[in-house]
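To start, the structure itself, in structure tokens.
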Amino acid sequence: MRRLLARRMKLHLFGAFFVSLGCAALYKFGVAEPRKRAYAEFYKNYDPMKDFEDMRRAGVFESAPPK
């Protein structure tokens with residue numbers, strides 16, 4: 001029973017480290033990278049002036065009335 005806590009703590013410390021490393025890698029490759037690609041694809045063909053004119057025609061802005 002001597003040093004039981006120390007041995008178990010070492011095991012749990014390594015286990016927690018590898019689980020957190022796995023979760024971080026899963027988030028990076030499962031969420032962050034696809035999100036970056038989606039934003040890059042969206043802004044590749046994005047025209048802010050066309051979007052502004054569409055919103056202006058829809059009446060979204062009070063300071064820029066529709067033509």
Practice task
Hey, can you tell me all the residues within region 40-52 that are open to solvent by 80 Å² or more (accessible area, probe 1.4 Å) and either aliphatic (A, V, I, L, M) or farther than 30 Å from PRO66 by Cα (or both)?
Solution key: MET49
Handout entry: Test: ARG37 is out of contact with any strand residue (DSSP E or B) (no Cβ under 6 Å at 6 or more places or on another chain), modelled with pLDDT of 95 or more and either open to solvent by less than 100 Å² (accessible area, probe 1.4 Å) or in a helix (DSSP H, G or I) (or both)
Key = yes
Problem - Check on GLY59, open to solvent by less than 60 Å² (accessible area, probe 1.4 Å) and over 17 Å from the mean Cα position of the chain (by Cα) - result: yes
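The values are calculated or read from the model by the stated rules, or taken from the named source; none is laboratory data. Just so we're clear, the structure is a prediction, and the values are computed from it rather than from any experiment. Ideal geometry is used to build each Cβ from the backbone, glycine not excepted, and the neighbour counts take in all protein chains shown. The protein model used for the area step is the full one, side chains on, heavy atoms only, and it has no ligands, DNA or RNA in it. Shrake-Rupley method; radii C 1.70, N 1.55, O 1.52, S 1.80 Å.
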